[in-house]
Amino acid sequence: MKGLGKARADRTDDEDPAPRGGDGTREPGRTGEEREPRGRTAGGRRVPWYVSLPVTLAVIFALFLGMANLGWLPGLPNPFAEKTVDRSQPVVLRSIQNMSRYNAATGNFQVIVDLANEAKFLPSAILGTRSLYVGAGSVEAYVDLGKLGTDSVKVSDDRRTATITIPHGQLAGAALDVKNSYMYSQERGLFDRLGDLFSSSTSDDQHKVELLAVEKIDKAAKDTGLTVTAENNTKAMLTGLLGSLGFTSVTVDVV
């Protein structure tokens, strides 16, 4: 019986994590449950409420925003939705120009501008740009009727015959159609991409290709028969107008 009691005491001592003193007795108040109370971290420190509460609220708020952005909360508006706000100033009328020309024809053009700026000793992947721009524009051909003098119109005594002398047709400047024009692609070297962080070179490239597109459309319009078409249309307009006024013979000459 004594041996059995001693074995139980030894087993109890092995299971008890409380340390013993120098005389072999246990130290009071040093159980494992007391050394690591509930609600404390592994380091033995409890997380303060003023830290755990903001973190919990932040996690809940992040989940709320994520669900709203994915459309899982249809009854709530999307906090990441964007809207367009127009803060432009009112349009100011700067001048009025009286026009006496008859716009008799319009040519519609399209051009693909391939503009490259290349370095002399470096590859384009390091330094250089290349822009492909699709430009759409129109050019009007007109006859300036304001240049008609007193001798430009001759009418017979019986007001049945009329002879009109008009000037040659002219071309107006090309007008770029921004709705149908766009930058198809743009390649930029490494140094150029780094420079974009400190300057607006991208918008400068856009402006350059637009000016070049207008220049090419103007040049192409001169090689067409737009002015001749404008002169013929003006002749037809004047003949029909004077015919409605009772003239039976109308002659329109281009000088």
*In sequence order, what are the phi-derived ³J(HN,Hα) couplings for region 87-104 according to the Karplus relation 6.51 cos²θ - 1.76 cosθ + 1.60 with θ = phi - 60°, rounded to whole Hz, with x for glycine and proline?*
10, 5, 7, x, 6, 10, 7, 8, 6, 10, 10, 6, 10, 10, 9, 9, 6, 9
_Burial order of peptide ranges 59-67, 136-144 (average beta-carbon count within 10 Å, highest first)_ = 136-144, 59-67
*Show me 177-186, 208-217, 222-231 ranked by packing, highest mean number of other Cβ atoms within 10 Å first.*
208-217, 222-231, 177-186
*In this model, which of K147/K179; K120/K179; K120/K208; K147/K219; K179/K222 are farther than 30 Å apart at the alpha-carbon?*
K147/K179; K120/K179
*Hey, can you rank 46-54, 245-253 by average C-beta count inside 10 Å, highest first?*
245-253, 46-54
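Can you compute the FRET efficiency between L176 and L122 using 1/(1 + (r/R0)^6), with r the Cβ-Cβ distance and R0 = 41 Å? Round to the nearest 0.05.
Numbers: r = 33 Å, r/R0 = 0.80.
Approximately 0.80, to the nearest 0.05.
Each value in this text was obtained by applying a stated rule to the coordinates, not by laboratory testing. Since the structure is predicted, the reported quantities are computational estimates derived from the model, not experimental observations. A quick note on method: Cβ atoms are made from the backbone with ideal geometry, for glycine too, and the neighbour counts reach across all protein chains shown.
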